[in-house]
Amino acid sequence: MFVKRTIIFANGDLPDLEKARALLHDDDFIIAADGGTRHVLALGRIPNIIIGDLDSLPANFEPSTFNGEIIRFSQDKNETDLELAIHHALTLNPEQVIILAALGGRLDQTLGNIALISNPFIPHPSSFILRLDDGIEEVFFCHDNCEIKGTSSEIVSLIPWQGEVAGIVTSGLKWALQNETLYPHKTRGISNEMLGDLATVQIKSGLLLIVHRRINK
């Protein structure tokens, strides 16, 4: 199976349903990671697949009436439901994987979810998009070069992940970096600002976490 965009709903916070709705396309392939089903239903959509140990499904959801696919795992497992959902999504060979409701709430879950998308075994061609998003913030990793699309004055933070990131060159950000290094024990990359509707980042080595916070309109 080939799908252009796969949307995964995790079981975390989704602070603004309408901002989340704006991220969706009519032809998206939707995977609900167990309790993420509640967000899909709240948006008036039906998941194509529900995956996980099914211990967090909404009380008003009846699996026997669901026409999509259910992939059930034992509760005695080593992975979170979201990790299982990501693994399955990648088997569909999508061009984009957008993960909703994976930010906020429990800090351990949020950190774990960010770590999931840093997996070095996930292929990262320049055309492939993998990010966490809730309509307010988007989070993704820059492996060599990337674009941030938004609006002037929106916040962009550049955070070195797992070590220093060298050879950073930015454009479209208020405080530019020109072939510079960011270190994980320093906060220099926090709270930069977009100058317009597009910013770019290039790096020579390391792994750079991009956190883009949109203006609340």
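The values are calculated or read from the model by the stated rules, or taken from the named source; none is laboratory data. As the structure is a prediction and not an experimental result, all values here were calculated from the model. So basically every Cβ, Gly included, is an ideal-geometry build from the backbone, and we count neighbours across all protein chains shown.
Summary of computed values
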quantity	calculated
Residues that are of a type in the set (A, V, I, L, M), surrounded by fewer than 18 Cβ atoms within 10 Å (Cβ to Cβ) and more than 18 Å from Q162 (Cβ to Cβ), drawn from the stretch 94-122	L107
Among the residues listed as D108, D76, the single one being over 23 Å from R214 (Cβ atoms), of a type in the set (D, E) and modelled with pLDDT under 90	D76
Matching residues, the stretch 24-54, being touching a Gly at 6+ places or on another chain (Cβ under 7 Å) and surrounded by fewer than 16 Cβ atoms within 10 Å (Cβ to Cβ)	I46
Test for L41: is it touching a helix residue (DSSP H, G or I) at 6+ places or on another chain (Cβ under 6 Å) and either modelled with pLDDT under 95 or among the polar types (S, T, N, Q) (or both)	no
Residue in the stretch 198-206 that is under 12 Å from K149 (Cα atoms), part of a loop (DSSP other than H, G, I, E, B) and not charged (D, E, K, R) present	no
Tally of residues being surrounded by 13 or more Cβ atoms within 10 Å (Cβ to Cβ) and not in a loop (DSSP other than H, G, I, E, B) across the stretch 56-83	5
Residue in the stretch 193-205 that is farthest from F121 (Cα to Cα), counting only those that are touching a Leu at 6+ places or on another chain (Cβ under 8 Å) and surrounded by fewer than 20 Cβ atoms within 10 Å (Cβ to Cβ)	L195
